[in-house]
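The values are calculated or read from the model by the stated rules, or taken from the named source; none is laboratory data. Keep in mind that this is a model prediction, so the values were computed, not measured. Using ideal geometry, Cβ is built from the backbone for each residue, glycine included, and neighbour counts are taken over all protein chains shown. For the accessible areas, the whole protein counts, side chains as well, though only heavy atoms, and no ligand, DNA or RNA atoms are used. Shrake-Rupley method; radii C 1.70, N 1.55, O 1.52, S 1.80 Å.
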Amino acid sequence: MRLLVCGANGMLGTDVVRAAGLAGHEVVAAGHAELDVCDAEAVRERIAQERPGAVVNCAAWTDVDGAEADPEGALAVNRDGARNVAAAAAAVGAPVLYVSTDYVFDGTKEGAYVESAPVAPLSAYGKSKLAGEEATAAVNARHWIVRTSWLFGTAGRNFVETMLRLCAERGEVTVVDDQVGCPTYTPHLADAIVRLVEGEAWGVHHVSGSGSCSWFEFAREIFRQAGADCRVTPCTTEETGRPAPRPRNSVLASERADTPVLPDWREGLHAYLAERVAA
């Protein structure tokens, strides 16, 4: 299949390009410099020219706190950009996959969120991603929406790298212990995305690392696996003073039999640390 990837130079996009190539697909990698998803005409022209069999939209505004200060900027990428990509794909008869987030939920639910759970984003970022889901579905009937969470991979800034850097600089870190979610290794997610676009399991899918933990527990496991001696102190969300509200419960699960299941998040962390050393 000829597969066009928007946001191909980002943390997830890089791994999607790699996974699709390894799966034998012909990949058109379009980073921001090659294709600005906010430019509707450029998107229409590029997708019409390439005529892909499917489009994966990894382009996104990912600055959660920055979206609180510039909600229109976040909407321009996450909603309007998503609409541009999905509509252009539909115009050439191609399905589209849109990557979304656990932030579409308010985090107050007991237990895991499945695909049919009511959405109620708290932050400007979460609202922009939900708007992107809705825009994608409205203009392209053949779509996949993949909600995921707590991404980490070697092609971008992430929590694992931040923890290891702070440990090396200070020997101690303070980490939130009242937010729970599913850390997700981007190569594992990328493989799942490629499997989805090879089929016709349309609609919303929750795809995150199996198992769950708090950020505090995630940090401790990072240092344990890395063999790093670091003091980890728990704190509350309120103590961090971040501008954007975060869902306290970000645990995602799937109620669908056709949703790919990822390995445990600890396996993802082990693979990440091995890839980091190799790099």
Carbon/sulfur accessible area of the chain, % of total, 1.4 Å probe, equals 50
Below 8 Å, C-alpha to C-alpha, sequence gap of six or more: please give me the relative contact order for the range 96-222 in percent.
30
Solvent-accessible area per residue for the range 88-221 at a 1.4 Å probe radius, Å²?
36
Can you give the charge dipole size of the range 1-117 about its Cα centre, rounded to the nearest 20 debye, using +1 on the beta carbon of Lys and Arg and -1 on the beta carbon of Asp and Glu?
640
State the cysteines of the chain left without a partner when partners are defined as other cysteines whose beta carbon lies under 4.7 Å away.
6, 38, 58, 182, 213, 235
Report the net charge of residues surrounding residue 52, where surrounding means a beta-carbon distance below 15 angstrom and charges are Lys +1, Arg +1, Asp -1, Glu -1.
0
Among DSSP bridges having both ends in the range 135-279, what percentage is antiparallel? Round to the nearest 5.
15
Can you give me the Cα centroid spacing of the range 11-85 and the range 239-279 in angstrom?
21
With both partners inside the chain, how many of the DSSP beta bridges are antiparallel, as a percent to the nearest 5?
5
Helix-only CD estimate at 222 nm, as mean residue ellipticity for the chain, using -39500 (n - 2.57) per DSSP H run (n ≥ 4):
-12000 deg cm²/dmol
With +1 on each Lys and Arg Cβ and -1 on each Asp and Glu Cβ, how big is the dipole of the chain about its Cα centre, in debye rounded to the nearest 20?
320
